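Colleague: My questions all concern the structure below.
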Amino acid sequence: MNIDESFPGKDYKCWLSKKKDTDVMELPFSKDNTLEEFELPPDWKEIFISKLGEFRKKYRSWQLYLDICVRCGACADKCHYFIGTQDPKNMPMARAELLRSVYRKYYTISGKLFGELAGARELTKEVLEEFYTYYYQCSQCRRCSYFCPYGIDTAEITAMCRELMTAVGISTKYITEVIAKVYMTGNNLGLMPKAFLKTLEMAEEELKEETGVDIKIPCNVKGADVLLIVPSAEFFGPEHWNTQMGWAKMFHHIGLSYTVSTYASEGGNFGIFFSHNDVKKILQRIAEEAKRLGVKMIIGGECGHMWRGWHQYMNTAAGPFDFLETTSPITGTDFGTPLVHICEFTEDLMKHNKLKLDKSRNDKYKVVFADSCNPARAMGLIETPRNILKQVCNNYVEMDPEKSKEKCYCCGSGGGLLTGEIM
Ligand code: SF4
Ligand code: SF4
C-alpha cells in the first residue's frame with residue numbers, strides 16, 4: 001500500500017458557508033467566513049464537547065462505533081479519497097480516529113487518566129481545522145463499512161462530526177447554499193416556480209419536435225395518481241435533461257396520471273451530508289405536497305442521496321404514509337411501499353409487457369452499469385437496474401466485481417468538495 005507522508009489531503013479544503021445561507025437555515029453563529037478567518041465563538045470548545053456528550057447519549061450506535069474499532073486495517077485501502085490522495089488520514093479508520101481521540105479525552109476513563117498514552121488528545125483550534133479538512137473528504141458512501149468485520153459506519157462518524165462543527169459555526173458553502181435554496185425555492189438549483197414552469201414548457205416543445213407527439217409534463221395537478229419527485233438537475237442540467245425526456249415519454253406512453261410539483265421540485269437531500277434536522281425538513285416538504293395534491297403514490301427518480309433519505313428516514317422523519325397506496329396504478333402490482341423507485345416501477349412495466357422494446361437498436365453499444373453507492377449499499381437496489389438494461393440491449397457486460405454492486409465506489413459528490421475548491 002502506498003502512503004504519502006506529506007499528507008496531501010490537507011491542501012484540499014471546502015469553502016466556508018456564507019451568512020446569507022446560514023441565516024436562511026437558522027444556524028448558530030451565522031457569519032461570512034473565509035478559510036483565513038476561521039473565527040470561532042469564545043466558548044466554542046465547551047459547546048463542541050457538551051454536544052459530543054449529548055450525541056454520545058442520544059445515538060448509542062455512534063458511541064459503539066467510537067468504542068469498538070480494533071484497528072484491523074480491513075477498511076484502510078477501501079476509500080476513494082485515500083486511493084486518490086494516498087493521504088494516511090484519508091484511511092477510514094484514521095479519519096474516524098481524528099474524532100475518537102477527542103472523544104477519549106473527554107468521555108473515557110483511560111483517556112482522562114492517561115491522555116496521549118491512551119490515544120486521547122485535547123480539542124484545539126488546529127484539531128478542529130483538521131476535522132474540517134478530513135471530514136469533508138468523506139462522502140459518507142459507506143464503502144469502508146462494507147469491509148469492516150464489525151460493521152463500523154464511518155459515514156455516521158463523519159455525519160456527527162459535521163453536526164458538531166456546525167454547532168460552533170463551521171460549515172461548508174456548497175452544502176449550506178444548496179439546502180438554503182431548497183428552503184427558499186423548493187429545489188437545489190434555486191429555480192423559482194415561474195422559471196421551473198418555463199423549463200417544463202421548453203421540455204414539452206423539445207418532445208414535440210423530436211416525436212411529433214404532444215407530450216405534456218403535468219405540474220401541481222391535484223388528484224393525480226402519482227407525485228413524481230426527481231433531482232432538480234433533470235429540469236436543467238444538460239445530461240440529466242435526457243432523463244426527463246425519457247420518463248416524460250414513458251409516462252405518456254403508458255397513460256400514467258402523474259404530476260410534478262413546484263413546491264417539492266427537488267428529490268436530492270443534502271441534509272444527508274449535513275444534519276438530521278435538515279434531512280427531516282427536506283423530507284417533510286415531499287410528504288406535505290403529497291397530502292396537498294391528494295396523490296396515491298410517490299415515484300422517485302434516480303438520485304443516490306435522495307434514496308438514502310427516503311429509504312432510511314422517510315417514515316420516521318415525515319411519516320406515516322398511510323394516506324398513500326402501495327399498488328401500481330398501471331399494473332396493479334403491490335410494491336409493499338407507496339414510495340417507489342423509478343427503476344422498480346419501470347421493471348414492473350416491462351414484466352407486464354407495457355413497453356414495446358427492440359433490443360437490437362442498441363446493438364452498436366457495449367453497455368456497463370456503474371452502481372450508485374447509496375441505492376446499492378443503503379437499499380439493496382442491485383438487480384433491478386441490471387434487469388432493465390438486459391431488456392433494452394444485447395451487449396450488457398458486468399464490471400469488475402470488486403468495484404461494483406455493494407462494493408461500488410462513490411462518485412464523490414457527497415463530500416461537498418467539488419470542482420470549485422480543487423481547481
Ligand atoms: S464512508 Fe466512503 S468516503 Fe467516507 S471514509 Fe468510508 S469509504 Fe471513504
Ligand atoms: S475495518 Fe472496522 S475494525 Fe478494522 S480498522 Fe476499519 S473500522 Fe476499525
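The values are calculated or read from the model by the stated rules, or taken from the named source; none is laboratory data. These numbers were taken from a predicted model, which means no experiment stands behind them. Reconstructed Cβ throughout: ideal geometry from the backbone, glycine too, with neighbour counts over all protein chains shown. Surface accessibility is based on the protein's heavy atoms, side chains included, excluding ligands, DNA and RNA. Shrake-Rupley method; radii C 1.70, N 1.55, O 1.52, S 1.80 Å.
Colleague: Quick one: Karplus J couplings for region 388-393, per residue in order, coefficients 6.51, -1.76, 1.60, θ = phi - 60°, nearest Hz, x for Gly and Pro?
Modeller: Karplus values, whole Hz, x for Gly and Pro: 5, 4, 5, 7, 10, 8.
Colleague: Thinking of the chain as a set of Cα atoms, what percent of all their pairs are more than 31 Å apart?
Modeller: Looking at the chain, the distances longer than 31 Å represent 44 percent of pairs.
Colleague: Once phi is turned into θ = phi - 60°, what whole-Hz ³J(HN,Hα) does the Karplus curve with 6.51, -1.76 and 1.60 give for every residue of region 54-65, x standing for Gly and Pro?
Modeller: 5, 4, 4, 6, 6, 10, 5, 4, 5, 4, 4, 4
Colleague: Shifting gears a bit: Tell me the relative contact order for region 187-356 as a rounded percent, counting alpha carbon contacts under 8 Å between residues six or more apart.
Modeller: 23
Colleague: Additional query: Dipole of region 8-171, Cα-centred, from +1 at each Lys and Arg C-beta and -1 at each Asp and Glu C-beta, to the nearest 20 debye?
Modeller: 560
Colleague: In addition: How tilted is helix 173-185 with respect to the longest principal axis of the chain? Cα atoms for both, answer in degrees (0 to 90, nearest 10).
Modeller: Tilt of helix 173-185: around 40 degrees.
Colleague: Any idea how far the Cα center of region 99-154 sits from the one of region 314-385, in Å?
Modeller: Here the answer is 38 Å between Cα centres.
Colleague: Would you please give the residues with an amide H less than 5 Å from that of C219, counting only those at least 5 places away or on a separate chain, with H modeled from the backbone geometry?
Modeller: V260
Colleague: Any idea how many Lys pairs in region 358-410 come in under 17 angstrom at the alpha carbon, given 8 or more places apart or on separate chains?
Modeller: Count of close lysine pairs: 4.
Colleague: What order do F55, F147 take when sorted by accessible area (1.4 Å probe), most exposed first?
Modeller: From most accessible down to least: F147, F55.
Colleague: Can you run phi through the Karplus equation (6.51, -1.76, 1.60; θ = phi - 60°) for region 143-157 and list ³J(HN,Hα) in whole Hz, with x for Gly and Pro?
Modeller: 5, 4, 4, 4, 9, 7, x, 9, x, 5, 9, 4, 4, 5, 5
Colleague: While we're on this one: Hey, what did region 8-171 get for relative contact order, percent, Cα under 8 Å, at least 6 apart?
Modeller: 31
Colleague: Please report the relative contact order for the chain, taking Cα pairs under 8 Å with a sequence separation of at least 6, and give it as a percent rounded to a whole number.
Modeller: Averaging sequence separation for qualifying contacts and normalising by length gives 16 percent for the chain.
Colleague: OK, next. Sorted by accessible area with a 1.4 angstrom probe, largest first, how do H252, H80 fall?
Modeller: Ranked from most to least accessible, the order is H252, H80.
Colleague: Between region 256-306 and region 209-231, how far is it from one alpha carbon centroid to the other, in angstrom?
Modeller: 16
Colleague: OK, next. Report, for the chain, the % of DSSP beta bridges that are antiparallel, rounded to 5.
Modeller: 15
Colleague: Find, among the trypsin sites (Lys or Arg not before Pro) in region 208-264, those assigned to loop by DSSP (not H, G, I, E, B) with at most 11 other beta-carbon atoms within 10 angstrom.
Modeller: Filter output for region 208-264: K222.
Colleague: Please list, by residue number, every one of the GluC sites (Glu not before Pro) in region 323-414 that is coil in DSSP and has at most 16 other beta-carbon atoms within 10 Å.
Modeller: Loop-located and lightly packed - E325, E398.
Colleague: Excluding same-chain residues fewer than 8 positions from K222, which lysines have a Cα within less than 27 Å of its Cα?
Modeller: K181, K194, K198, K208, K249, K280, K281, K291, K296, K354
Colleague: Additional query: Please list, ordered by chain and number, the residues whose modelled amide H lies under 5 Å from the amide H of S171; skip anything fewer than 5 residues away on the same chain.
Modeller: S17
Colleague: Check Y396: other-chain or 5+ apart residues with amide H under 5 Å from its amide H, H built from backbone geometry?
Modeller: Residues meeting the criterion, in which the H sits 1.01 Å from N, are V367.
Colleague: Name the chymotrypsin sites (Phe, Trp or Tyr not before Pro) in region 336-412 that are in a loop by DSSP and that have at most 12 other C-beta atoms within 10 Å, would you?
Modeller: Answer by residue number: Y365.
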